[in-house]
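The values are calculated or read from the model by the stated rules, or taken from the named source; none is laboratory data. None of these values were measured; they are calculated from a predicted model. Please note: Cβ atoms are built from the backbone with ideal geometry, for glycine as well, and neighbour counts cover all protein chains shown. Keep in mind that these areas ignore ligands, DNA and RNA; they rest on the heavy atoms of the full protein, side chains included. Shrake-Rupley method; radii C 1.70, N 1.55, O 1.52, S 1.80 Å.
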Amino acid sequence: MAAKGRRNEIHKIQPNGLTVSELCIGTGIFGMQTDEDLKAKLDELKNDYRKGDATAASRNSFSNFTFFWRLFAMAIIGSTVNRRFVLAKRPESPTSPASRDLFELQSVDVPELADGEFLVESHWMSLDPWIRGTMNGNRSYQASVELGDVMRALCAGRVVVSRNAAFPVGTPVSGMLGWQDYAVTDGTLIRKIPENAPLELGLNLLGINGQTAWFGINDIGKPKAGETAVVTAAAGGVGSIAVQLLKAAGCRVIGLAGDDEKCEWVKSIGAADCINYKTTDIGKALSVLCPDRVDVVFDNVGGAMLDELLLHLNTNARIVLSGALSRYNAKPEPLTNWLQLHINRATMKGYIFLDHFDRFDEADTDMMRRWERGELLYREHIIDGLENAPDALSKLFDGSNRGKLLVKIR
Ligand SMILES: NC(=O)c1ccc[n+]([C@@H]2O[C@H](COP(=O)([O-])OP(=O)(O)OC[C@H]3O[C@@H](n4cnc5c(N)ncnc54)[C@H](OP(=O)(O)O)[C@@H]3O)[C@@H](O)[C@H]2O)c1
């Protein structure tokens, strides 16, 4: 789908000096099903006007706003088609993987705008573990996606048409725009991305991953210089930022990750050491690497890994419950070592980054400053094309993503 360089089309279709609106109102083309139909009809109209045959061009009087919008969309954004994924079927069980047959790719008209709304053309889509939870139809912190609804996701893109003065055309934004090319929003929970940052940073350091690490560490972990911190899924999008923020706070950081290459990378961004939990006895390794025990746990994994970590807590330890990757697609499993919380006067607290929307500026300003100084490193695992998103979601659960998992839409 071509999206760029179509603005000149406006001038090309005005051989008689007519405005786009006059041309639209004067003509009215109905039942155009595809962009090809619309382009062919535009060519026909151009010829009619060139020949001075305005009667031929206007024989279908305008009575359909949708037509005007589609012609406008074609002239301004280069397409009238919005590709989108809807949830076609629920997974067999909460523990089964999100296979491609659960999604349906649809092509629909680019949505129209009401007053106060604007249209965002998404360039990047963030694949996050919470998305899988919305497919099950049961209660979670994110509402379920209903069958036939557009799959939910955070995306970053630019405003391409606007009826909202606060978000003029060209504004780089991020927000819950869904698995689709174009989304209409009134600006609710939409963030502006700084002009000097790449768009995708609005889904990473200046988005869900950065904010999750930042609020978890600053509000719950409260690290002090000289303390020992452990981060699980340390090579991932959230985990790798947590490693660097904890290190910057003066902690000695130990990471856990699923292979040696990931462990090497975690060390390269500041961890004192990293345990390959697939080949190493975590308990023994933690006893050796954390002789003074652990003050801050930033946990992304839950389950048996968290249970083991409870055995290594220091007095007054803080456990940040960022997420539970090992449990999202698995049967519930009891924590057996919870008494350690009592013995060590430890706290364990869950949180959701979105609850802090009114403080995102605070986190983003700090993260932006660190990024500009080159203090925050990240890696991105990029999936090319919206059409490939369904096959990519499971990477978060089988460990095959290396860094922040993003879909490049355009
Ligand atoms: N609280 C919030 O508001 C909030 C917001 C966003 C994300 N989160 C949480 O942050 C965590 C990380 O999310 P992310 O998007 O950054 O994903 P990610 O860490 O980039 O990717 C997931 C990684 O988790 C590891 N993993 C998957 N299953 C595992 C298992 N059974 N045991 C151990 N490790 C496993 C894999 O790495 P290995 O190869 O190392 O196993 C995988 O690559 C998730 O728990 C997510 O729910 C929380």
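Considering only C-alpha atoms, what is the centroid distance from the range 339-410 to the range 307-336, in Å?
A separation of 18 Å, based on Cα centres.
Classify the range 314-410 as rounded, prolate or oblate from the Cα gyration tensor: take a ≥ b ≥ c as the square roots of its eigenvalues, call it rounded if a/c is under 1.5, otherwise prolate when a/b beats b/c and oblate if not.
Because a/c hits 1.5 or more and a/b fails to exceed b/c, the range 314-410 counts as oblate.
Give, as a single signed number, the net charge of other residues whose beta carbon lies under 10 Å from the beta carbon of Pro172, with Lys and Arg counted +1 and Asp and Glu -1.
+2
Hey, if you put +1 on the Cβ of every Lys and Arg and -1 on every Asp and Glu Cβ in the range 208-356, which of Ala271, Val301, Ile319 ends up farthest toward the positive end of that dipole?
Of the options given, the answer is Ile319.
Run the accessible area of the range 208-356 with a 1.4 Å probe and give the carbon-and-sulfur part as a rounded percent.
The computed percentage sits at 55.
Ignoring ligands, DNA and RNA, what accessible area per residue does the range 281-409 give at 1.4 Å, in Å²? Walk me through the intermediate numbers first.
Numbers: 6340 Å² over 129 residues.
Ligands and nucleic acids excluded, the figure is 49 Å² per residue.
Pull out a ≥ b ≥ c, the square roots of the eigenvalues of the alpha-carbon gyration tensor of the range 208-356, then state rounded if a/c is under 1.5, prolate if not and a/b is larger than b/c, and oblate in the remaining case. Numbers along the way, then the final one.
On the way: a/c = 1.09, a/b = 1.03, b/c = 1.06.
Rounded shape, in that the Cα axes give a/c under 1.5.
Excluding Gly116 itself, what net charge comes from residues whose Cβ is under 10 Å from its Cβ, given Lys and Arg +1 and Asp and Glu -1? Before the final figure, lay out each step's value.
Details: positive: Arg163; negative: Asp115, Glu117, Asp186.
Charge balance in the 10 Å sphere: -2.
Could you pull out the GluC sites (Glu not before Pro) across the range 165-235 that fall in loop regions by DSSP (anything but H, G, I, E, B) with no more than 16 other Cβ atoms inside 10 Å?
Glu195
Among residues other than Pro334 whose Cβ falls under 15 Å from its Cβ, what is the net charge (Lys/Arg +1, Asp/Glu -1)?
Values: positive: Arg327, Lys331; negative: Asp307, Glu308, Glu333.
Overall, the nearby charge balance is -1.
Which one, Ser140, Thr212, Thr232, is farthest towards the positive end of the dipole of the range 91-236 when Lys and Arg carry +1 and Asp and Glu -1 on their Cβ?
Result: Thr232, furthest along the dipole toward the positive end.
When only the heavy atoms of the protein chains count and the probe is 1.4 Å, how do Lys284, Lys408 rank by accessible area, highest first? Spell out each step's value before the answer.
On the way: Lys284 145, Lys408 70 Å².
Sorted descending by solvent-accessible area, the residues read Lys284, Lys408.
Mind scanning Lys89/Lys395; Lys278/Lys395; Lys224/Lys404; Lys262/Lys395 and naming the pairs with a C-alpha gap bigger than 22 Å?
Over 22 Å apart, Cα to Cα: Lys224/Lys404.
At a probe size of 1.4 Å, how large is the accessible area of Ser287, to the nearest 10 Å²?
Roughly 70 Å² of Ser287 is accessible to a 1.4 Å probe.
For the range 165-192 and the range 229-284, write down the distance between their C-alpha centroids in whole Å.
Using only Cα atoms, the two centres lie 34 Å from each other.
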